[in-house]
Every structure is written in structure tokens, then in C-alpha cells.
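The values are calculated or read from the model by the stated rules, or taken from the named source; none is laboratory data. Predicted model only: the values in this text are computed from it and were never measured. Here the Cβ is made from the backbone with ideal geometry for all residues, glycine too, and neighbour counts use every protein chain on show.
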Amino acid sequence: MIKGFLQKVTLFFTIGILLILLGLPYCIWLINGNSAADGILGIFMILGIIPVVIVLIIDRFLIRKYGVKKVNKVQFIILGSLILLFLINWARLQLQLL
């Protein structure tokens, strides 16, 4: 099962797993911190993991339905569009400073 699961790796799956693996220990560390602000930040970060898990579930469902290549292609288009929007917004903000 793990072998077949790892053969169907997509962009969002990789990013989501990395976010969970890196974010969860940091959240726990913040919750166990000394101040209340650290604890609240840790709780907010744990709440931020919920959308990541939802995206991972949708990703797995779409892979079963359409296949890895089609899903990966769409995910790269989505990521490229978000990066393009970020760059356009950054350029717009730089022009406002002039």
C-alpha cells in the first residue's frame, strides 16, 4: 500500500506533508512555551493545518478519479498562476512607491 501511495505523489501532496511535518512540532513547541501569546500562536497554527488536510484529502480523491499526470498539470498551473499574481502585485506596490 505504501509503495503505491508513494508512486502517486503530487505537488500539493508534497507541500502539504512538508507543512504538516514541519509545522506540527513547532506548534507543539509554541503551545508548551512560557507566554500566553506563544500558546495562542501555536493554537492558530494548528487551526491552519486543517485546510492543508482538506486539500490533501481532495488531492487524493482527484488522483483516484483523474490520475496523477492530469492532477499534477492542474496543480502546477494553479501554483504558477498564484506566483504570477504575487509578482504582479509586488510590481504594482513598487510602482506606488515612486
Requested in this report: Inspect the range 3-12 for any residue being in a helix (DSSP H, G or I), surrounded by 11 or more Cβ atoms within 10 Å (Cβ to Cβ), under 17 Å from the mean Cα position of the chain (by Cα) and at pLDDT below 95 and give the result as yes or no.
Outcome: yes
Report summary line: Scanning the range 35-80 residue by residue, those closer than 22 Å to residue 9 by Cβ and among the aromatic types (Phe, Trp, Tyr) turn out to be 61, 66, 76
Requested in this report: Exactly one condition in (1) loosely packed, with under 15 Cβ neighbours inside 10 Å; (2) in a helix (DSSP H, G or I) is not met by residue 63; state its number.
Outcome: (1)
Requested in this report: Confirm whether residue 57 is among the aliphatic types (A, V, I, L, M) and surrounded by 12 or more Cβ atoms within 10 Å (Cβ to Cβ).
Outcome: no
Report task. Mind listing whichever residues of the range 44-54 are free of Cβ contacts under 8 Å to residues at least 24 places away in the same chain and surrounded by fewer than 13 Cβ atoms within 10 Å (Cβ to Cβ)? Result -> 44, 47, 50, 51, 54
Query raised in the report: Pick from 98, 47, 82, 24: which is out of contact with any strand residue (DSSP E or B) (no Cβ under 8 Å at 6 or more places or on another chain) and modelled with pLDDT of 95 or more?
Result: 82
Report summary line: Given the conditions (1) in a helix (DSSP H, G or I); (2) over 17 Å from the mean Cα position of the chain (by Cα), every one holds for residue 34 apart from (1)
Report summary line: When restricted to 20, 57, 63, 46, the only residue of a type in the set (A, V, I, L, M) and farther than 21 Å from residue 7 by Cβ is 46
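Results for (1) of a type in the set (Phe, Trp, Tyr); (2) touching a residue at least 12 places away in the same chain (Cβ under 8 Å), shown as yes or no for each residue.
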position	(1), (2)
25	no, no
29	yes, yes
56	no, yes
66	yes, no
89	no, no
95	no, no
